[in-house]
């Protein structure tokens, strides 16, 4: 057996042992918000059908691997040195140590995901701006975060009654319509889709009793989480013309195939 074969065999044995140990140690502690968020991400991927995807704030999740399984070319990044002081290894995918506030990697990407990450970045507006700078014209940016239509909260865990106060050492913002409109205005973007979800019976994320299963609601109803798809640039309706685009919109691919532009609607 060659040294390379031996290393591979030992590595596979270790992985199988760890996976079996975690399998046997499973305990149900409730379902988090990922089913709703991941469903929204893959619905947007299905509509856009991008080639190059960037996942921001991957952590230890398997989301990049799930997207790669679908065929997309995926780059995953996380600010490991600042948010994971003891180090972090993602067993599902290779994660680059990149700070989205000052990224070194170069785009452009067709599609960017940022799932339950933006709320932990103090300068969220700059993070959104940098993500748009890495996005192609007409590209999609998918964000999920704690949300309240009317009121911004700097750290929801600091509010009385939050069940996260004793669990999480980091701050978690709650964004509002004001922040969302500022992001679209400052980056010349459009909202393609937005969903509102109720996870608790209190006014903000982690406050009150859990709602099981979570409910998708109207923006005027009680909600704590939002999933948003943004597009870079202004809309172009050239796909309704069989001869292709006759405008200079940044949304348009200038393709003679109308269906290519229609994918962004």
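The values are calculated or read from the model by the stated rules, or taken from the named source; none is laboratory data. Keep in mind it's a predicted model, so treat the numbers as computed, not measured. As a convention, Cβ positions derive from the backbone with ideal geometry for all residues, glycine included, and neighbour counts pool all protein chains shown.
Odds and ends about this structure:
- Pairs linking a residue in the stretch 34-54 that is more than 15 Å from residue 143 (Cβ to Cβ) to a residue that is crowded, with 16+ Cβ neighbours inside 10 Å, with Cβ atoms under 7 Å and 6 or more positions apart or on different chains, are 50/72; 50/110; 50/111; 51/72; 51/110; 52/109; 52/110.
- Filter pass, residue 22 being in a helix (DSSP H, G or I), free of Cβ contacts under 8 Å to residues at least 24 places away in the same chain and under 19 Å from residue 141 (Cβ atoms): no
- Candidates 99, 166, 110, filtered to the one that is assigned to a loop (DSSP other than H, G, I, E, B) and under 17 Å from the mean Cα position of the chain (by Cα): 99
- Residue satisfying condition, being within 28 Å of residue 204 (Cβ to Cβ), at pLDDT below 95 and surrounded by fewer than 19 Cβ atoms within 10 Å (Cβ to Cβ), within set 107, 129, 87, 161: 161
- In the stretch 55-79, the residues that are touching a strand residue (DSSP E or B) at 6+ places or on another chain (Cβ under 9 Å), in a loop (DSSP other than H, G, I, E, B) and either free of Cβ contacts under 8 Å to residues at least 24 places away in the same chain or on the phi > 0 side of the Ramachandran plot (or both): 57, 59, 79
- Residue count, the stretch 169-189 (criterion: free of Cβ contacts under 8 Å to residues at least 60 places away in the same chain and out of contact with any helix residue (DSSP H, G or I) (no Cβ under 6 Å at 6 or more places or on another chain)): 13
- Residue check, residue 252 modelled with pLDDT under 50, assigned to a loop (DSSP other than H, G, I, E, B) and either surrounded by 20 or more Cβ atoms within 10 Å (Cβ to Cβ) or touching a helix residue (DSSP H, G or I) at 6+ places or on another chain (Cβ under 9 Å) (or both): yes
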